[in-house]
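The values are calculated or read from the model by the stated rules, or taken from the named source; none is laboratory data. It should be emphasised that the depicted structure is a prediction, and the values quoted were computed from it without experimental measurement. Positions of Cβ are generated from backbone atoms using ideal geometry, with glycine treated the same way; all protein chains shown enter the neighbour counts. Areas reflect the complete protein model, heavy atoms only, side chains present, ligands, DNA and RNA absent. Shrake-Rupley method; radii C 1.70, N 1.55, O 1.52, S 1.80 Å.
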Amino acid sequence: MRVNGVAHPAPVDPRRLLSDHLRHDLGLTGTHVGCEHGVCGCCTVLLDGAPVRSCLMLAVQAEGHDVTTIEGLAADGAPLHPVQQAFHECHGLQCGFCTPGFVMSVVGILAQHPNPTADQVAEGIAGNLCRCTGYASIRRAVTRAAELSKK
Amino acid sequence: MTTRWFGERVPRVEDDRLLRGHGRFTDDIDDGALESVLVRSPFAHARILSIDVTAARAMPGVVAVYTAADLPFGQTDLPILIPHPRLTHGRTQRCLASEVVRYVGEAVVFVVAESRSVAEDAAEVVQVDYEQLPVVITPESAARAEHLVHDDVPGNVAAEMIQEAGAVEASLASAPRRKRLHFRFERGAGSPMEARAVWARWSTAEHKLTVYDSTQSPTSIRGGLAVLFGLPESNVEVIAPDVGGGFGPKIMLFYPDELLVPFAAMKLGRPVKWTEDRQEHFTAVNQERGQVHEVEVGFDEEGKVLALDVDFIHDAGAYTPYGIILPIITAAQVPGPYRVPNYRVRFRDVYTNATPTSPYRGAGRPHACFVMERTLDAIAAELGLERAEVRRRNLIQPDEFPYEVGVGWQDGNMVVYDSGNYPALLQKALTNLGTRPSGDHVGMGLGMYVEGTGVGPYEGAHVQVLVSGKVVAATGIPSQGQAHATVWAQIVADQLGVDVADVEVTGGDTRRFPWGVGTFASRGAVTAGNAMAVAAGMVAEKARHIAADHLEVDPADLELVGGKVQVKGSPDRGMPLAAIAVLANPVRYAFGGGTEAATQFTARPRPGPQLHEGEQPGLEATGYYSPPGSTWAAGCHAAYVRVDPQTFRLEILKYVVIHDCGRVINPLVVEGQIEGGVAQGIGGAFYERLAYDDEGQLRNASFMEFLMPYATEIPAIEIDHIETPSPLNPLGVKGAGEAGVIPVGAVLASAIEEALGIPITEMPLSPLKLFELSRPS
Amino acid sequence: MPRGRHGGVVKPPPFEYHAPATVDEACSLLASLEDAKVLAGGQSLVPLLNFRLARPAHIVDINRVAGLDRIYERDGGVAIQALARQAAVEDSDLVARLCPLLGAAVRLVAHRVIRNRGTVCGSIAHADPASELPAVLLALGGHVVARSTRGERAIDAEQLFHGVMETAIGPDELLVEAWFPASPAPFAIVEESRRHGDFALAGVVRAADRLALFGVAPTPVLADPRDPAKGLQPSGDLEASPEFRLHLVRVLTEKAFAA
């Protein structure tokens, strides 16, 4: 499968979850694991461009697909992706644990709705838990990200 | 020093790394570590008849399986972290239980294997034979002592404490009006997004133990491991790397894994790691919030409180590792910002067959606030007065500081409020709240609080200017999202006249700074912040002296600006900090970086030894700050809500916060802390519940059933602030970490009570609870 | 969610993994394997595997089967094949035109990220009593198509749901398609849940004058709009007592029929 544009050999153990494969077999620890039952969203990655919960996929299922993780949004040393930049400007993260999941979800939201209404913003981030921020700054970050993405 | 950075909304230096997915959380660290799983008790109270690990040990891929019998410290009780003379019957658990288990989740067996999957496979074939024993779960049933949690603790009472300021009996008797109230709080949980994790390695070659731990106090863990394993502290390193939220559960120390993982690493000669899973977290990690209160208040026709008598039970859980800090805090904080001329408070800390309790954001203050605020609301209702007016009549006034409450505080001192302006908080909250929205089933809620912050004993900081001119700083306490690296950098940058971007801060790494207490109780800015100012101030002082020698001026004529030390008003007469850093370390051998300037044959300002007596090399300093006592933050929250009369769904129409945390170092960070705190308060008031059944089983140990709010459940919050600087510390700051959560329950209870016209005396609430309360009984 | 071993359990138990490339291959596997579970969207099954609450000996992953993801018009209604993702149904113009009730319902299922993988057929086969799509199928009077090595058969919604997470689909059968009649007007789906995207405490589906309830019985049930709570014996849980569920059924039915 391809992860962040790089081809990797298919995972071997069918019971290996995609989240663990990314983190521990490929060393891409930016994707986090918060609950392993699909509720918290910390593990969200893009599968062929659409946000999915990597804790709810077997790694073997990603074979033949394109996976994008948080590490794939901006190359080392390159400027932050507009969504990442927006989170920074709006103080949309504190401990940073839920952040990669949120960022990938927001990339997905903006792909679907480049000019999201307040409702679409609310709906779009409704599936990710954050315990630190109280969400207001994240809502602002989504709107800011939409602005930055247009430039 | 400049004040360029203090008070500014400086964007965080932590963000880039975290946003790119380059954070380093404890489970991110593998390095060939073996993986492990804890087998835990499925029963709330049981005798262990036998433990059979033969099948587990025999499984391919399993490296070791430990029971208490396999541990040199297997019969040692874990420490009581905060002893207290009134904790007459404190009890702690052992690392692994071998005789009796007293709560679901208590650790029994530790399995180490080549992979997590194999460890889980092996854990499944561990056979433990239990004989179930009777269970007490609610604090009330524990206090009735139908069954004992500990055979040698009569009445299940770990501690009893009574404090009185004034003469409560007499003043109640003579009060024109008296009222009895009853309040009940169920357990709640901090539930950070990152569950706990530990990674350890023992290096035989270096005789050194290295531990990564998602903890709020690496220095304490280091001390404990050094004692347990008989190692010098300098041979034990504990690092809290990035930590995904703490909120209190991670200040509980010496969870069994924190000892077992290092032990296994030492025994097996390979790194070992342990990562909790979410379901496990629910019963394995300390909880809080369980209390039952009986209150009697005496008041006059003006609504002035004359006497307050509070008698409460605190749910300790099965053990008391954290001592009685929580009920002490509740007892101390009930009076809040109000004058209570006669106050008596008694508490009993009772054992139950549930997870032990220790602080979760607010740490006993939400209960105290709820009790006082709901009592004032009851007074208002009885007298037909406005709730805000009753508060106004009872508030401590701005000219009454320092104000002694008459009871003891969690740091061993008495409670003395140092500064504040409570009437201004109330006034501003009401102004910002504005007019009531139209419509039916709308209610207004109001809640004020004070918060003791910045407890000691101390924190320290090390600040150093490198020969490159960059500044590095370190303190013992770790961050869990509170932007320490940014905020301490602001303080240091101001002292040294440099840019925040040029200050690199490390916290929570005993390799970099080995002394300190921890991050908890809204104390970081007060203690570590002031320590940073002290250390950086010492560096600035030293820089001025070295520069004064070389520039031949008086140190008092020098200032630090733009990375230089220069004569005030004469920017052309100065030296870069980098150059001073070089000169601060006289060398024999230059090693580049400008160090030739400090070698033997360069010009010297004065004769004699190059390091004078008492002088140390390097442009660095270590400083400490030890507060004389807590400094008291305060605030007022107000809200309008609507409750749907058919579905009992809660809609928060407007929520305003006015807070006072003294001088604010970074408003962006403080606002974030408040927004997060309020969200946890809303969660704890209307969504989250730990649903224990009569058998002590937690029925909702998953994120599907423990309902933490999503963004759709949390409204926008309006935040405003006033500043009454603390007279107790040089920076004038007060803590702010817990403020957001403290009054939320009281505010929502008050608002819902008005919206529905039914009395609310308990937490948490839910549509089901409101449906049941509104049915005629 | 039932309790596991009190923690330390998040990795699936061992199983044999099969990834058939055709429907026939999938059916052969289901016919020959003992204790096999079909993996489609995985949004319901994988959490159960992670908690080891489901321990099938075999997983038959049908995601490699080509041509099983169509959403197409059939017999005046909409046919949703096994691998059509809920998100695709949400975005489908055909569904919006022919069966907007289904479109509205699918928007209530969890969150978009779950719908990116979850399937409509999977949700129906999983038959959680609190889920929306089985109730929509029932309210509209749709059917599913089940295929096996023995052939293919249609199962009407009213015969499909037997109990909590139990359907008439046999262990050797693969649910290949769900068929929803065109939704009549007026229609409505109204549910009450604790948080956005949560399973419903109670919910109602209105299709003209037909009413189906979910979250209040072991299966979705048809009800009389004039007395929707009649004969209901809902269970209680942490967030809703039986009385509260009955109360909500009446409240939600009133809302659904208010238009």
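Net charge around B:Arg544, counting only other residues with Cβ within less than 12 Å of its Cβ (Lys, Arg = +1; Asp, Glu = -1)? Provide the component values of the computation, followed by the final result.
Values: positive: B:Lys542, B:Lys564, B:Lys568; negative: B:Glu541, B:Asp549, B:Asp554, B:Asp557, B:Glu559.
It works out to a net charge of -2.
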Rounded to whole Å², per residue accessible area for chain B with a 1.4 Å probe reads 33 Å²
For the pair B and C, total buried accessible area rounded to nearest 100 Å², probe 1.4 Å:
3500 Å²
Tilt of helix A:136-150 relative to the longest C-alpha principal axis of chain A, in degrees (0 to 90, nearest 10)?
90 degrees
For region B:457-625, fraction of C-alpha pairs farther apart than 25 Å, in %
33 percent
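What number does region A:2-72 give for Rg over Rh if you use C-alpha atoms and the Kirkwood radius?
Numbers: Rg = 10.6 Å, Rh = 11.7 Å.
In region A:2-72, Rg relative to Rh is 0.91.
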Rounded to the nearest 10 Å², the accessible area of B:Met266 using a 1.4 Å probe with every protein chain kept is 50 Å²
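Which three semi-axes in whole Å describe the equivalent ellipsoid of the protein assembly as shown, each the square root of 5 times a Cα gyration tensor eigenvalue, listed largest first?
On the way: eigenvalues 484, 289, 192 Å².
Working through the eigenvalues yields semi-axes of 49, 38, 31 Å.
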Amide H to amide H under 5 Å from A:Asn128: which residues, 5+ apart in sequence or cross-chain, H placed 1.01 Å off N in plane?
B:Ala711
Dipole size in debye (nearest 20) for region A:2-72 around its Cα centre, Lys and Arg Cβ +1, Asp and Glu Cβ -1?
80 debye
What residues of region B:181-204 lose no less than 10 Å² of accessible area with every protein chain in place versus their chain by itself (probe 1.4 Å, heavy atoms only)?
B:Met193, B:Glu194
The correct ranking of B:Lys769, B:Lys568 by accessible area at 1.4 Å, largest first, is B:Lys568, B:Lys769
Protein heavy-atom accessible area occluded, B/A pair - total, 1.4 Å probe, Å²:
4000 Å²
Whole-Hz Karplus ³J(HN,Hα) for region B:397-414, in order, using 6.51 cos²θ - 1.76 cosθ + 1.60 and θ = phi - 60°, x for Gly and Pro?
8, x, 9, 9, 8, x, 10, 8, 8, x, 10, x, 10, 6, 9, x, 8, 8
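Carbon-plus-sulfur fraction of the accessible area of region A:2-72, 1.4 Å probe, in percent?
Values: 1020 of 1950 Å².
About 52 percent, which is the carbon plus sulfur part of the accessible surface.
Quote the charge dipole size of region B:405-517 about the Cα centre in Debye, to the nearest 20; the model charges only the Cβ of Lys and Arg (+1) and of Asp and Glu (-1). Write out the running numbers ahead of the final one.
Details: 5 positive and 10 negative charges, 24 e Å.
That gives region B:405-517 a dipole magnitude of about 120 debye.
Could you provide, to the nearest whole Å², the per residue accessible area of region A:2-72 with probe 1.4 Å?
I get 27 Å² per residue for this part.
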Average partner coverage of A:57-64, which counts Cβ from other chains inside 10 Å
5
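Per residue of A:96-108, what is the mean number of Cβ atoms on other protein chains within 10 angstrom of that residue's Cβ? Present the calculation step by step, with values, prior to reporting the outcome.
Values: counts 18, 13, 5, 7, 5, 2, 1, 4, 2, 3, 0, 0, 3.
Going residue by residue through A:96-108 and averaging, the value is 5.
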Karplus ³J(HN,Hα) for region B:464-480 (6.51 cos²θ - 1.76 cosθ + 1.60, θ = phi - 60°; Hz, whole; x = Gly/Pro) runs 9, 9, 7, 5, 7, x, 6, 10, 10, 9, 8, 9, x, 8, x, 9, 10
State log₁₀ I(q)/I(0) for chain C at q = 0.12, 0.16, 0.17 Å⁻¹ as given by the Debye formula over alpha-carbon point scatterers of equal weight, solvent excluded.
-0.70, -1.22, -1.35
Value at 222 nm in deg cm²/dmol, rounded to 500, when DSSP H runs of n ≥ 4 in chain B each add -39,500 (n - 2.57)
-7500 deg cm²/dmol
Could you name the lysines whose alpha carbon sits less than 23 Å from that of B:Lys568, not counting residues in the same chain fewer than 8 places away?
B:Lys470, B:Lys542
Could you state the principal axis extents of the C-alpha atoms in chain B, from the largest down, to the nearest angstrom?
94, 71, 47
Which loop-located GluC sites (Glu not before Pro) does region B:526-580 contain, where loop means any DSSP state but H, G, I, E or B and the Cβ has at most 12 other Cβ atoms within 10 Å?
B:Glu552
Heavy atoms of C:Glu152 accessible to a 1.4 Å probe, total area in Å² rounded to 10
120 Å²
Report, ordered by chain and residue number, the lysines lying within cross-link reach of B:Lys304, taken as a straight Cα distance under 18 Å and ignoring same-chain residues fewer than 8 apart.
B:Lys179
With the dipole of the protein assembly as shown defined by +1 on each Lys or Arg Cβ and -1 on each Asp or Glu Cβ, the option from B:Leu71, C:His58, B:Gly406 whose Cα lies farthest towards the positive pole is B:Gly406
Could you give the dipole magnitude of chain B about its Cα centre, charging the beta-carbon of Lys and Arg +1 and that of Asp and Glu -1, in debye to the nearest 20?
740 debye
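If you average 1/r over every pair of different alpha-carbon atoms in region B:387-513 and take one over that average, what Kirkwood value in Å do you get?
Across region B:387-513, the inverse of the average 1/r is 19.0 Å.
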What's the carbon and sulfur percent of chain B's accessible surface, probe 1.4 angstrom, rounded to a whole number?
51 percent
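Sorted by accessible area with a 1.4 angstrom probe, largest first, how do B:Asp16, B:Asp411 fall?
Numbers: B:Asp16 70, B:Asp411 50 Å².
These residues rank, largest area first, as B:Asp16, B:Asp411.
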For region B:264-279, residues shielded by at least 30 square angstrom of accessible area compared with the chain on its own, probe 1.4 Å
B:Asp277, B:Arg278, B:Gln279
Descending principal axes extents, region B:694-777, alpha-carbon based, whole Å:
56, 33, 28
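Leaving out ligands, DNA and RNA, what percent of the accessible area of chain C is carbon and sulfur, probe 1.4 Å? Intermediate results must be reported in sequence, preceding the final value.
On the way: 4820 of 9690 Å².
Whole-percent figure for carbon plus sulfur exposure: 50.
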Can you list the lysines whose alpha carbon is less than 18 Å from that of B:Lys267, not counting same-chain residues fewer than 8 positions off?
B:Lys208
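Give me a single rounded figure for B:708-721: the average over its residues of other chain Cβ atoms within 10 Å of their Cβ.
Values: counts 6, 8, 16, 19, 10, 5, 6, 3, 5, 3, 0, 1, 0, 0.
That average works out to 6.
Scan chain B and note any complete DSSP helix (H) whose C-alpha atoms cover at least 24 Å along its axis and whose Kyte-Doolittle average is -0.5 or more.
On the way: long enough: B:365-383 (27 Å, 0.30); B:530-551 (30 Å, 0.42).
Going by DSSP H runs, the hits are B:365-383, B:530-551.
Mean separation of Cα pairs under 8 Å and 6+ residues apart, divided by the residue count of chain B: what relative contact order is that in percent?
16 percent
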Which one, B:Tyr103, B:Gly155, A:Leu28, projects farthest toward the positive side of the charge dipole computed for the protein assembly as shown from Cβ point charges (K/R +1, D/E -1)?
A:Leu28
Rg(Cα) of region A:82-150 divided by 2.2 N^0.38 Å?
0.95
With every protein chain kept in place and a 1.4 Å probe, region A:82-150 has an accessible area per residue in Å² of 29 Å²
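Quantify how much of the Cα-Cα distance distribution of region C:160-259 extends past 15 Å, in percent.
Numbers: 3169 of 4950 pairs.
That tail contains 64 percent of the Cα-Cα pairs.
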What does the buried accessible surface come to for C and A, summed over both chains, with the probe at 1.4 Å? Round to 100 Å².
2300 Å²
What net charge is computed for the residues neighbouring B:Thr275, neighbours being all others with C-beta under 9 Å from the C-beta of B:Thr275, Lys and Arg scored +1, Asp and Glu -1?
-1
Provide the net charge surrounding B:Gly629, with neighbours chosen by a C-beta distance below 9 Å and charges set as Lys +1, Arg +1, Asp -1, Glu -1.
-2
